[in-house]
Amino acid sequence: MAVLPILTADHAVLRQKGKKIRTSANASLQRLIDDMIDTMRDAYGVGLAAPQVGKSLQVAVIEIPEQEVLVLVNPEIIKRTGQRQVEEGCLSVPGYRGLVWRSETVTIKALNRRGKEIRINRATGLLAQALEHEIDHLNGILYLDHLVAHEKLWKIEPHAVVPETEAAGMPQEPGR
Ligand code: NI
């Protein structure tokens with residue numbers, strides 16, 4: 001297991017659609033997933049997508065505080081409902097946060113790391129936001145593409161105590 005360098009938004013791989021994984025019975029895929037989990041945790045992220053570590057593949061990991069880590073292989077959004085504005089950041093856009101449009105609920109299907117089909121029905125809150133954010137990465141999309149308005153992107157203190165968070169950190173729904 002290893003912490004990998006996280007690429008920033010000027011790298012072309014972040015704008016490419018990742019390739020689908022054909023088989024999960026593959027030692028290099030399993031190693032990549034373990035390294036992505038280490039890298040996400042090292043950066044205090046809520047999620048990380050393979051293109052962020054230079055691999056143009058349909059693989060993402062998400063870890064919502066106090067929940068089990070979620071590994072998504074070839075994930076697809078099946079349904080979204082509603083719209084909301086939330087604050088967001090990205091490990092590949094260090095030093096910035098923005099206000100973006102996201103869905104209220106998100107339903108996805110994917111394979112887990114063992115190749116078994118999983119489905120997450122009507123996710124809400126931070127999980128819904130992270131699912132949209134990470135699956136966007138696998139399609140070459142960054143949160144900068146969803147800003148509510150051009151000026152709704154701001155610099156944060158370079159030495160802020162708040163860690164750089166992937167997806168979110170301060171979701172605006174009540175009760176979180
Ligand atoms: Ni990101």
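Points worth noting:
- Using the Cα coordinates of region 12-166, the gyration tensor eigenvalues translate into equivalent-ellipsoid semi-axes of 24, 18, 14 Å, sorted from longest to shortest.
- Evaluated with a Cβ-only charge set (Lys, Arg +1; Asp, Glu -1), region 12-166 carries a dipole of roughly 800 debye about its Cα centre, given to the nearest 20.
- Under the combined filter of DSSP loop state and at most 11 neighbouring Cβ atoms within 10 Å, region 65-158 retains these GluC sites (Glu not before Pro): E66, E68, E151.
- Note on region 1-71: Rg/Rh from Cα positions, Kirkwood definition for Rh, rounded to two decimals, is 0.95.
- Exceedance of the 21 Å cut-off in Cα-Cα distance is limited, within the set K19/K109; K55/K155; K20/K55; K55/K152; K19/K116; K79/K155, to K55/K155; K55/K152; K79/K155.
- In terms of other Cβ atoms within 10 Å, W154, W101 run from fewest to most in the order W154, W101.
- For the chain, the 222 nm mean residue ellipticity estimated from helices alone, with every DSSP H stretch of n ≥ 4 adding -39500 (n - 2.57) and the total spread over all residues, rounds to -5500 deg cm²/dmol.
Quick note: the coordinates plus some simple rules give every number you see, no bench work behind them. In this text the structure is predicted, and so the values were computed from the model without any measurement. Every residue, glycine among them, receives a Cβ derived from its backbone with ideal geometry; neighbour counts consider all protein chains shown.
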